Every structure is written in structure tokens, then in C-alpha cells.
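Contents: one structure, followed by commentary.
The values are calculated or read from the model by the stated rules, or taken from the named source; none is laboratory data. Note that the structure is predicted; figures quoted are calculated from it, not measured. Note that each Cβ is placed from the backbone with ideal geometry, even for glycine, and that neighbours are counted across all protein chains shown.
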Amino acid sequence: MGLRDVLFGKKKLAGPAQERLFALTTAAVTLDTELGLRSAGVGGVVFKPLSAGEFVRAENDLQQVLDAVAAESGSKLERRDDSFGYTWIIVRDAQLEDQVTTIHAVAQGLEEQGFGPQLLAAVFKFDGGKHPVYWIYGYKRGAFWPFVPTGDDQKRDNAEELELKAK
């Protein structure tokens, strides 16, 4: 894809690569035994809401998806909007496998309702280090990367992130 394609929209971005999300459940054993990181029981999906014209229809569809997923999974779902204009679907479940499955179901439901291009990432919180570690799954890239906030004025521990990514 060249600069011209990017500027004039000749090609579309790749769709969400959702299936790779399940790699986290396999990696959880390694995260625990080698790094001492355990799931904190919370994860989420973040996406950019649709424009105002599409909002009313999509809002009703989205709530139906969330209600269906919550009823089927047993996980607790919560919806929040952040200060950057993104919407978060927070999933609370003690079992990482259930978190991943529920987040996948939410993302799949969002994609079926037309939110696929707006899916940004799935986020999973892990405890066990000096600071919490968030494993972020980018839907467009189809890859995980660590995020380690220090809790000090939106700062992050880049050295720890690089070390985790290398393992």
C-alpha cells in the first residue's frame, strides 16, 4: 500500500483478526510460571462509536449483543465511555479463559452489528509485578503487546514493557 492509496483510500484496512486472541489462554501458564503474572479478573474491548447518524440504530443493536453475551457467559459486563471518545466494554470474570471467550463474543457481536472497522483493541489486566501489566491485543495488527503504567501522571515503564515483549 503506497502513500497515494493511504491518502485517497484506494485500499481498505484489514479487518479485525479476532481468532488470535485465544493465544492468551495458552500463554497464561508461561506468564504465571516464568513472570509471576496472574489474571486480575478484568479485561475489556475498546472501540470507536459510530457517527451520530448511525448511533441510535447501532446503540440498540449493541445493547442486544451485550445482553445476549452476558446471559450466555455468566461474566459481568459494564459499558463506559472514556475522555478520548472511545467506548469500553469491561468484562469481569475470575477465569481468564472465560474473559477471553466473552471478549471474543463481544467483539464478534460488535463486528456483526457493523462495528468491525471501529474495533481498536482488547485489554487484559494482570497482577504480580511491581505495577499492573496490561496485555493489549490490537485487532488490526492481530498481535499482543504489554503496557505497564507506573501510576504516576500517565507515565509508563518502557523498560519493563520491552523486557516483557522480549519474553
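For this structure, a couple of remarks:
- The range 78-120: number of residues that are over 19 Å from Q63 (Cα atoms), buried (at least 20 other Cβ atoms within 10 Å of the Cβ) and aliphatic (A, V, I, L, M): 2
- Qualifying residue in the range 148-158 (condition: in contact with a strand residue (DSSP E or B) (Cβ under 7 Å, 6 or more places away or on another chain), under 17 Å from A28 (Cβ atoms) and buried (at least 17 other Cβ atoms within 10 Å of the Cβ)): no
- In this structure, V69 does not qualify as without any contact (Cβ under 8 Å) to a residue 24 or more places away in the chain, of a type in the set (V, I, T) and closer than 30 Å to V29 by Cα.
- Residue within the range 114-128 that is of a type in the set (K, R) and at pLDDT below 90 present: no
- Hey, K130 outside any helix (DSSP H, G or I) and out of contact with any helix residue (DSSP H, G or I) (no Cβ under 9 Å at 6 or more places or on another chain) or not: no
- Just so you know, in the range 36-59 the residues that are modelled with pLDDT of 90 or more and farther than 17 Å from W88 by Cβ include one that is surrounded by the most Cβ atoms within 10 Å (Cβ to Cβ), and it is S39.
- Any hit, the range 90-108, residues being more than 20 Å from T26 (Cβ to Cβ), modelled with pLDDT under 90 and not in a strand (DSSP E or B): yes
- The one condition in (1) surrounded by fewer than 14 Cβ atoms within 10 Å (Cβ to Cβ); (2) at pLDDT 85 or above that K167 fails to fulfil: (2)
- When restricted to residues that are modelled with pLDDT under 90 and among the hydroxyl-bearing types (S, T, Y), the range 60-86 contains 2.
- Looking only at residues of the range 121-145 that are closer than 21 Å to T33 by Cα and of a type in the set (K, R), we find that the one that is surrounded by the most Cβ atoms within 10 Å (Cβ to Cβ) is K125.
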